Every structure is written in C-alpha cells, then in structure tokens.
1. What aspartates and glutamates could a cross-link reach from Lys173, if we take a straight Cα to Cα line under 20 Å and drop same-chain neighbours fewer than 8 places away?
2. Please state the charge dipole magnitude for the stretch 213-307, taken about the Cα centre, from unit charges on C-beta atoms (+1 on K and R, -1 on D and E), reported in debye and rounded to the nearest 20.
3. At most 16 other Cβ atoms within 10 Å and a DSSP loop assignment: could you name the GluC sites (Glu not before Pro) in the stretch 6-54 that fit?
4. In terms of the Cα gyration tensor, with a ≥ b ≥ c the square roots of its eigenvalues, is the stretch 213-307 rounded because a/c is under 1.5, prolate because a/b exceeds b/c, or oblate?
5. Pairs of alpha-carbon atoms within less than 8 angstrom and 6+ residues apart define the contacts here; what relative contact order does the stretch 169-308 have, in percent?
6. Given Cα positions, please report Rg to Rh for the chain, the hydrodynamic radius being the Kirkwood one.
7. What is the Cα centroid distance between the stretch 102-155 and the stretch 30-46, reported in whole angstrom?
8. Over the alpha-carbon set of the stretch 138-261, divide Rg by the Kirkwood Rh and report the Rg/Rh ratio to two decimals.
Amino acid sequence: MTYTTKVKEEIVKNTINDSEKICELSGFIRFAANIKDNITITLENASVARRIYCHFKEIFNIKPKITIRIQKRFRVKQIYILEIADRVEYILNFLNIMENKKKILPSDYFLSTNEEKIAYLQGVFLATGTVNDPASSGYHLEIVTDLNREAIFLTKLFKELDITAKHLKRNSKYMVYIKNAEVISDIIKMFQATQSYFYFEDIRIYRDHKNMVNRLNNCEIANQEKTIATGLKQLDEIKYLKDNNLYSLIDESTKIVLEYREKYPEVSLKELALIITMETDYKIGKSGVNHHFIKIRNLIKKHQEKKA
C-alpha cells in the first residue's frame, strides 16, 4: 500500500457533517468524474468508492450503479465503476459544478467556511491527489487537473487556508503542488489523517536531524582543513625566518608563540593560545597569537622586497 493510499484510507474513515459531505463530493466529482449524459466515476480504492457511494445515497437518496472489473495489466486489481444516470443536471447544479450545462468554479457562498473549504480540498485530494512517502527522496504533494483556471482556483483556496501552493503546466495537464515538508505535514493534519501525520512527522524530524548532523560534520571538517592549512602556512613562515637568519630579529614573546606552533602544528589559534597560557607565564588570547604571526609576515614581506 502506497503512502498516498494510506492517507486516503484514513480520510474516508472520518465523520463529517452534511454540508461538508456536499463540499467533499463536489470536489471529488469535479476532478474525478467523466460527465456526459450521466456521471461515471472509475476508482481503484474500495474505501473511497464506498465513501462516494454513501454520499450520493445520503445527500440525493440515489444509489449509484456499481460495476466491478478485474484488471490484469501488470498486476491483478479490482476497478470500481460508479454510474449515476438520474437527475444528473440537478446534481451538478446542486454541487456547484455546472450551471446551464456549463462548467463553473465553486462560488463563495458554496464554500463559505474553512471547514467547507477543507472538505472540498479533501474531495479533490481523494480524486486526484498524491503525496510522496516522506522516507523517499523528497517531499511532494500534488493535485492534477485538466483546466488552468481550476489549478488557479485551488491555489487560491489553499491560500485562504494560509497554505502556499504553486501551479504549473505539465504536458496537457495542470499541476498544483507543494514541496515544503512542514506545509505538507499541516495538510495531512488538516485532513485528520492522524496516523499518516505522525508517521510523516517522525520521518521528517529524523531526516532534519540527520541533515543537521551532516551539516555540522561538514562544517567541522571544513574548519579542521582550514586549521591545518593555516598551521602549515605558519610553519613555512617560521622556516623562512630560520633559513634567512631573521629569527634573531623577533622578540621573546613572538619566539614563544612560534616555538609552540612548531610543537602543535595541527591546533587552531584559539587552542594554541590556551596551551601557551597554561604551559608558560605568558597569558595570550587568539587575537594575540594572530598578531604575532602578522608581525612575522610583515617581516618576511620586507625581507623579500629588499631581496627584489
């Protein structure tokens, strides 16, 4: 069972009131049904098929005709086909899908509360939504539609619920999508898919922690490499002083710093300052150590300029 299926299985178990059932059915029919002289819905999920069947029965007192087919392509699975042939125009008008046989967008009065907007988006998600398993390569929730204006409408509807979604054209379809892990988690929670939400959060927290540890390790490695490079450069500077008889020109405090750098070439300036302070009577900090190396660097520079 895919993660998308698990989320949908949880959604259809939730109890909603009559107005929310109407909104959920409206969203589902708009995005999943083939509408001609009748309404035909083809589903692979038995739980979702049962939910839609019950909505029609409770709202319109209509029992859709159910046909079950066995599909053997790639793997054996059952396909559920729901057909509604009676009062089609009335149903589509009542669900705010079509008016005078023309497809319309849901009106403000139809989706007047946040609960009704959430129910509508639930229906849309049950119809054509997918969400990646958080344990996979990335976070991604998407809804696909045939019409650009419906994609724009869904983006606007999400925004009214303080959720940022984007949309784009993909081949001949339009996709509304979200890639932010925290936002996807909020949507799953909003749909009251509790177990799926906890699973998502567990994986997200684990991945975030793992990424943070990796970033810290990378940062630590980079700092170590920088410290080693600095130490090697300073050893070269000390060698230059000795090879060119410049060592006698430096003061005693600088000689102490250079002596300890030779003894501890791999430590940082801060660590070197701490070692010098602990092992000698010379109290010094990181900036003091750095100042001594600036002094010898300037000495070397002047010597090289004279030689030139």
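What follows draws every value from the coordinates through simple rules; no lab data is involved. Worth saying up front: this structure is predicted, and the values here are computed from it rather than measured. Here the Cβ is made from the backbone with ideal geometry for all residues, glycine too, and neighbour counts use every protein chain on show.
1. Glu142, Asp146, Glu150
2. Value, rounded to 20: 420 debye.
3. Sparse-neighbourhood loop GluC sites (Glu not before Pro): Glu44.
4. Working: a/c = 2.58, a/b = 1.50, b/c = 1.72.
Because a/c hits 1.5 or more and a/b fails to exceed b/c, the stretch 213-307 counts as oblate.
5. RCO, the stretch 169-308: 17 percent.
6. Reported Rg/Rh, Kirkwood definition of Rh: 1.38.
7. Rounded to whole Å, the Cα centres lie 16 Å apart.
8. Ratio of gyration radius to Kirkwood radius: 1.45.
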